[in-house]
Amino acid sequence: MSELAIRMFPCLADNYGYLLHDRESGATAAVDTPDADEILAELDASGWRLTHIFNTHHHSDHAGGNLALKRATGCTIVGPRADAARIPGLDVAVGEGDVVALGAHRATVYDTPGHTRGHIVYHFAAARAAFVGDTLFALGCGRLFEGTPGQMWSSLQKILRWPDETRLYCAHEYTASNARFALTVEPQNRVLRERSAAITALRAAGKPTVPSTLGEERATNPFLRPQSGDLRATIALPDAADVDVFAKTRALKDAF
């Protein structure tokens, strides 16, 4: 099986678009559709033909280009069963434990409610890659627009079961801001301080901070680290349940 080709490109104010390509079959998927024109331009530049859209959730900067791309290419739209009514042009509804194919490549679908009630993510285990939408960011997690802290913490725990070498392709370039916040709640984390400095250098050079690895996130992302004694002391919840530490961390970020 050939390697899963991943083409990443910036679009809109701070989104990333992704095209996934199986060289043997020619199958190509867009992960979400933030900007149909930009996706079509990337398809033209790559010489790939769009066969699928893999939606993570319904927000317009993720599904807003669905119908234009379907008209232009005839692609099949795959998206969350739990939010089927809000995914434009949905053809195939999927949820927890389902497997989607892109040529010979397979992705397992996980339900990850929290940011929205129907959010899903796609884990290509053999390719050591996952497309996590707005559930998990580099050094952050999605704002809880429709879900509860308990739901989001349960969703993040699913991701935490994957191998550390998993590359996490999130949907936004929020990392510099996320790093500034992370340092306020876990200031003694040496690995975080080093990563923050590296992020500052990358952004100054106009380079992306995505993807990161799950191992990096496990070591530095405060939303995955409610067990951290430093974080617990900083937010004054030394003996609280992990979900309560997560909830307060999220509330502090909302006000940051």
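How many residues are part of a helix (DSSP H, G or I) and over 22 Å from Ala204 (Cβ atoms) if we restrict to the range 138-189?
Filtering the range 138-189 down to residues part of a helix (DSSP H, G or I) leaves 149-160, 175-185.
Filter once more, so that each one left must be over 22 Å from Ala204 (Cβ atoms): 149-160, 185.
Residues flagged as part of a helix (DSSP H, G or I) and over 22 Å from Ala204 (Cβ atoms) within the range 138-189 amount to 13.
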(request) Considering every residue within the range 183-190, establish whether at least one is within 21 Å of Ile53 (Cα to Cα), β-branched (Val, Ile, Thr), surrounded by 18 or more Cβ atoms within 10 Å (Cβ to Cβ) and touching a residue at least 60 places away in the same chain (Cβ under 8 Å). (result) no
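When the residues of the range 17-32 are narrowed to those that are touching a His at 6+ places or on another chain (Cβ under 8 Å) and acidic (Asp, Glu), which ends up surrounded by the fewest Cβ atoms within 10 Å (Cβ to Cβ)?
Pass one, the range 17-32, residues touching a His at 6+ places or on another chain (Cβ under 8 Å): 20, 22, 27-30, 32.
Checking the rest, the ones that are also acidic (Asp, Glu) come to 22, 32.
Values: Asp22: 21, Asp32: 27.
The qualifying residue surrounded by the fewest Cβ atoms within 10 Å (Cβ to Cβ) is Asp22.
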(message) Exactly one of these conditions fails for Arg218: (1) in contact (Cβ under 8 Å) with a residue 60 or more places away in the chain; (2) touching a Leu at 6+ places or on another chain (Cβ under 8 Å); (3) of a type in the set (D, E, K, R). Give me its number.
(response) (1)
(message) Quick test of your reading of the structure: Met152 fulfils all but one of (1) in contact (Cβ under 8 Å) with a residue 60 or more places away in the chain; (2) open to solvent by 30 Å² or more (accessible area, probe 1.4 Å); (3) touching a Pro at 6+ places or on another chain (Cβ under 9 Å). Name the failing condition by number.
(response) (2)
(request) Out of the residues in the range 227-256 that are free of Cβ contacts under 8 Å to residues at least 40 places away in the same chain and assigned to a loop (DSSP other than H, G, I, E, B), state the one that is least open to solvent (accessible area, probe 1.4 Å). (result) Ala240
(request) Hey, can you tell me all the residues within the range 60-83 that are farther than 11 Å from Ala36 by Cβ, open to solvent by 40 Å² or more (accessible area, probe 1.4 Å) and not β-branched (Val, Ile, Thr)? (result) Ser60, Gly74, Arg81, Ala82
(message) Based on this model, can you work out whether Thr56 counts as open to solvent by less than 60 Å² (accessible area, probe 1.4 Å), without any contact (Cβ under 8 Å) to a residue 60 or more places away in the chain and of a type in the set (Ser, Thr, Tyr)?
(response) no
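The values are calculated or read from the model by the stated rules, or taken from the named source; none is laboratory data. Values in this document were obtained by computation on a predicted structure and should not be read as measured data. When we count neighbours, we look across all protein chains shown, and the Cβ atoms used for this are built from the backbone with ideal geometry, even at glycine. Heavy atoms of the whole protein, side chains included, go into the accessibility calculation; ligands, DNA and RNA do not. Shrake-Rupley method; radii C 1.70, N 1.55, O 1.52, S 1.80 Å.
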